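No lab work stands behind these numbers, since they all come straight from the coordinates. Remember, predicted model here, so these are calculated numbers, not experimental data. Backbone-built Cβ (ideal geometry, glycine too); neighbour counts: all protein chains shown.
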Amino acid sequence: MSNEKIPFLDLVTVHRELQDELVDVLKAALKNAGFIGGPMVQGFEEDFARFCEARFCVGLGSGTDALRFALIAAGVKSGDIVITVPNTFIATTEAISQAGARPDFVDIDPRTYAMDPGKLREYLEHTCRWNPKTRQVTHNATGKPVTAVVPVHLYGQMADMDAILDLATQYNLKVVEDACQAQGAEYFSQIDSRWHKAGSMGHAAAFSFYPGKNLGACGEAGAMTTNDEQVTHTCRLLRDHGQSKKYFHDIEGYNGRLDAIQAGFLRVKLRHLGTWNEQRRQAAERYDKLFAGVQGLLTVPHQPSWARSVYHLYVIQVEDRARLQQKLTDVGIGTGIHYPVALHLTKAYEHLGYHVGDFPIAERSAAHILSIPMFPGLTSDQQERVVTETMKSIAVYG
Ligand SMILES: *Cc1c(COP(=O)(O)O)cnc(C)c1O
């Protein structure tokens, strides 16, 4: 077995392979100086909506823009409460705050790391009050209306959408999917007995095309998908200073457009996304098999029968995470932690008044999770080495 380094993520190879096609996009844009809007953006929006099985897609500057605009377009207002999970990237809660709302959390399912619908129900039933006249649910302690929920499809696997959408209908909540890590993930709905793509089930969904995501731009980019025409219209306004036509501003908006060059790059890459996601699934299956012997000392990702993950990350749990991460670093294997601090305990949210122990499952997972190398093109030899080194570390520990 060689001692070559194994990166956590290899972004170089794919760009070498696609170089000619990507350079063609750049040349086409330079030829007519079409940098903002235009056919490349529109073409990508159509392709990506089709890929997500959603009616509409609006190309945006980042996943954070997509979350913020989706929430505003879905009707979230200043003074609202929006519910999400504590184990996500801070962009989820930044978007909630920047839409004027206060983020509130419910704990996660320990096996899937996604929002636990039972905890969401508990929150709505025990800390809120339903007003049948206004058809609004109000948070008892603060008197604020709870208007939306943001399930995060973490690590490439969708949250339990049937249960979440059912509660959302019952309590008149908008559902904005944080699908930033889940381009192409699927969920099997019991309602119509078929698979649904991430970005097609909620009122709106946000995608990030940050370079390291399953579909990544060569810079910053994002998109919002929805089946709702009004949400689409509002997001188009919000991304472009509220303009319905040049210098006629229907509302005050933002500068949140998708670059034409990035849209062109994304269009090229989108054609490969199905293959790349399949390669990630195969790599995940190989890890599952290789780790089968060490169950008990190590937890592998859990994929419920209703989920088809696209394995943005392959996340394991071990008792002594610091030790394992150090061991892997020592032998040249890259790892990551997504994420080391649950958001309710992060400094930026001190003012929300949460304490250690408020969301024990998210806190426990933050202390034990480790993301190991996962990307299309990861070889079985590399995976065997990752697993061997991991087993060596935890066997000595045990
Ligand atoms: C990447 C990511 C975002 C933010 O996307 P940007 O394009 O970096 O703004 C939001 N939520 C989650 C879960 C993410 O992984």
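Cβ crowding within 10 Å, taken as a proxy for footprinting-reagent exposure, orders Asp160, Asp240 from fewest neighbours to most as Asp240, Asp160. Taking other Cβ atoms within 10 Å as a rough exposure proxy, Phe89, Phe8 sort from fewest to most as Phe8, Phe89.
For the chain, the residue among Gln183, Phe248, Thr226 whose Cα projects farthest onto the positive side of the dipole built from Cβ charges is Phe248.
For Phe291, neighbours were defined as the other residues whose beta-carbon sits under 12 Å from its Cβ, and their charges (Lys and Arg +1, Asp and Glu -1) total -1.
Here segment 219-370 is treated as an ellipsoid with the same Cα gyration tensor; its semi-axes, largest first and in whole Å, are 38, 24, 15. Per-residue ellipticity at 222 nm from helix content only, as computed over the chain with -39500 (n - 2.57) for each DSSP H run of at least four residues, stands at -12000 deg cm²/dmol. Calculated from the alpha-carbon coordinates, segment 284-351 shows an Rg and a Dmax of 14.8, 45 Å respectively. Considering only Thr134, Met158, Thr84, and ranking their Cα positions along the charge dipole of segment 80-161 that arises from unit charges at the beta-carbon of Lys, Arg, Asp and Glu, the one farthest toward the positive end is Thr134.
Within the listed set Phe248, Phe375, Phe209, the Gaussian network model of the chain (springs between alpha-carbon atoms below 10 Å) gives the highest mean-square fluctuation for Phe248.
Based on Cα contacts under 8 Å between residues 6+ apart, segment 1-110 shows a relative contact order of 18 percent. DSSP assigns beta bridges within segment 115-265; of those with both partners inside it, close to 75 percent run antiparallel. Note on the chain: with a GNM built from Cα contacts shorter than 10 Å, the maximum mean-square fluctuation among Gln181, Gln317, Gln157 falls on Gln317. For Lys347, a cut-off of 27 angstrom between C-alpha atoms picks up these lysines, skipping any fewer than 8 places away in its own chain: Lys77, Lys119, Lys144, Lys213. When each of the peptides 303-316, 274-287 is scored by the mean number of other C-beta atoms lying within 10 Å of its residues, the order from highest to lowest reads 303-316, 274-287.
Ranked from largest, the principal axis spans of the Cα set of segment 1-97 equal 51, 49, 26 Å. Taking all Cα-Cα distances within the chain, those exceeding 41 Å account for 14%. Structural descriptor for the chain: relative contact order 21 percent, calculated from alpha carbon pairs under 8 angstrom and at least 6 residues apart.
For the chain, modelled as a Gaussian network with Cα springs under 10 Å, which listed residue fluctuates most, Ser200, Ser244, Ser97? Comparing Ser200, Ser244, Ser97 in the GNM, the peak value goes to Ser244. Considering only alpha-carbon pairs that sit under 8 angstrom and 6 or more positions apart, the relative contact order computed for segment 141-226 is 24 percent.
If both residues of a DSSP beta bridge must be in the chain, then about 70% of such bridges are antiparallel.
Ranked by how many other Cβ atoms sit within 10 Å of their own Cβ, fewest first, the residues Val58, Val268 fall in the order Val268, Val58.
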